[in-house]
Amino acid sequence: SFEVVRVPADALARLAESNAAALAAATQAGRALEAAAFSRSANEQAMLDETVELNLYNSQNVLLIDLDRCTRCDECVRACSDAHDGVARFTRDGPRVGRYLVTMACRSCTDPKCMVGCPVGSIRRTDSLEIRIEDWCIGCERCANQCPFGNINMVELAELKKPPPPREGVSLRATVCDLCAGYDGPNCVYACPHDAAIRVAPGAFLSPSDLR
């Protein structure tokens, strides 16, 4: 528990005039508070700069890895591969924001450039955030080339445990994180033994303290 004591300003002024030690202590405390306020402001600006530089403000759902917790065991990657025909839908690499790794996994952009101009309409998103690529993908690589973050990969159909029906002249298929649609949640997050993998809306989650 604590008590709040209100001291009149004129009483503080008289104390400062009569007690040099009290004045010095108050001045030092005031300067410390000013320095702390400036530090918070600088951290907030740094976080804003990072968010803009990485286009995280346009991202609705990002897979982050806390590098203070991560042991590089790759259980997250294996869990993703097991859930998606033996091919992982993300790479445990990417830019850093403070102690977090921004993985190369679909960010569920508010304006997904990958969905523009697919010649067969195989990449789509419904009312939820996940982006899906349907079996009739012809492997033209347009969506992969248009993703500004390199988060769509092209895989050989032969690498898939359950390849789609064969089509003449089609040997590749685009793959992208679908937020583990059909599962209770993202397998990469549940598989991490150290709670290092998290799926978040970065604008709401990241704060200046994450830069430390």
Residue in region 98-108 that is modelled with the highest pLDDT, counting only those that are more than 17 Å from THR175 (Cβ to Cβ) and surrounded by 21 or more Cβ atoms within 10 Å (Cβ to Cβ): VAL102
task: Specify the residue that is least open to solvent (accessible area, probe 1.4 Å); the eligible residues are those in region 134-149 that are more than 24 Å from VAL102 (Cα to Cα) and either in contact (Cβ under 8 Å) with a residue 40 or more places away in the chain or charged (D, E, K, R) (or both).
output: GLU134
- request: Using the structure shown, decide if GLY185 is touching a Leu at 6+ places or on another chain (Cβ under 6 Å) and open to solvent by less than 80 Å² (accessible area, probe 1.4 Å).
  value: no
- request: Could you list all residues from region 69-89 that are open to solvent by less than 70 Å² (accessible area, probe 1.4 Å), within 16 Å of ALA197 (Cα to Cα) and of a type outside the set (D, E, K, R)?
  value: CYS70, CYS73, CYS76, VAL77, ALA79, CYS80, SER81, ALA88
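The values are calculated or read from the model by the stated rules, or taken from the named source; none is laboratory data. Predicted, not measured: the structure shown is a model, and the values here were computed from it. Backbone-built Cβ (ideal geometry, glycine too); neighbour counts: all protein chains shown. Accessible surface is based on the protein model in full, side chains and every heavy atom, while ligands, DNA and RNA are left aside. Shrake-Rupley method; radii C 1.70, N 1.55, O 1.52, S 1.80 Å.
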